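Heads up: the structure comes next, in structure tokens.
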Amino acid sequence: MPDLQLTQHDLQDYRGKVVILDIIQTTCPHCAKLADLLEKIHDKYGDKVAVLSIALPPDNQAAVAKFAAEHKITSPLLFDCGQVSVSYLKATPQNPRADVPHLFLIDGEGTIRNDFSYAFDTRNIFEGDGLDVEIDRLLAGPAPAKSKK
């Protein structure tokens, strides 16, 4: 998908890193709070974690550029015509909703490990320190297998 500078981004370019993929709209107030949180995450974890934000239609380049400037976003803000988001959100003609913000945590191998929609019970992920806990878990790697005696 292209970003504001029309540079193409592919998830495979981020292999070996934890990726936070968030789906947003610039008019969403929870998305604005999340953008600020993701910048802090980016500062805290550096190159270990990549943040990719996907702006849904009807957002356009002007709206996304303004949003990026207002929130001092340094990670790629990508444009989707709907295909990628529809695939991640498993939208269908019977269930066409795309609730935002929506977060996917993807491990270094490219596997989705967590999927969060904004809701009362997930607010700590989007507005508190819950996302840090999830990232720390992914960076620590899988739990060691128990030895048999």
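The values are calculated or read from the model by the stated rules, or taken from the named source; none is laboratory data. What you see is a predicted model, and the numbers here were worked out from it, not measured in a lab. Note that we place each Cβ from the backbone using ideal geometry, even for glycine, and neighbour counts take in every protein chain shown. In case anyone asks, the SASA skips ligands and DNA or RNA and just uses the protein heavy atoms, side chains included. Shrake-Rupley method; radii C 1.70, N 1.55, O 1.52, S 1.80 Å.
Brief remarks follow.
- The residues of the chain have, on average, 60 Å² of accessible surface per residue, using a 1.4 Å probe with all protein chains present.
- Database remark: amide H of His102 closer than 5 angstrom to the amide H of Ile23 (H placed geometrically; neighbours at sequence offset of 5 or more, or on other chains; Pro and chain starts carry no H).
- Counting lysine pairs in the range 13-149 that sit 8 or more residues apart in sequence, or on different chains, and whose Cα atoms lie under 16 Å apart gives 7.
- Between the beta carbons of Phe120 and Ala98, assuming R0 = 30 Å, the FRET efficiency works out to 0.95 to the nearest 0.05.
- Across the range 27-44, rounded Karplus estimates of 3J(HN,Hα) from the backbone phi angles (6.51 cos²θ - 1.76 cosθ + 1.60, θ = phi - 60°) give 8, 8, x, 5, 5, 5, 4, 5, 4, 5, 5, 5, 5, 5, 4, 4, 5, 5 Hz, Gly and Pro being marked x.
- Cysteines, the chain, no other Cys beta-carbon under 4.7 Å: Cys81
- Over the Cα atoms of the range 28-80, the radius of gyration divided by the Kirkwood radius equals 0.96; this is the Rg/Rh ratio.
- Here the chain has an Rg and Dmax of 15.7, 63 Å, counting Cα atoms alone.
- Whole-angstrom gap from the range 29-47 to the range 122-143, using each part's C-alpha centre: 13
- Surface share of carbon and sulfur [accessible, 1.4 angstrom probe, percent] for the chain: 53
- Computed on the range 1-113, with alpha-carbon pairs under 8 angstrom and 6+ residues apart, the relative contact order is 40 percent.
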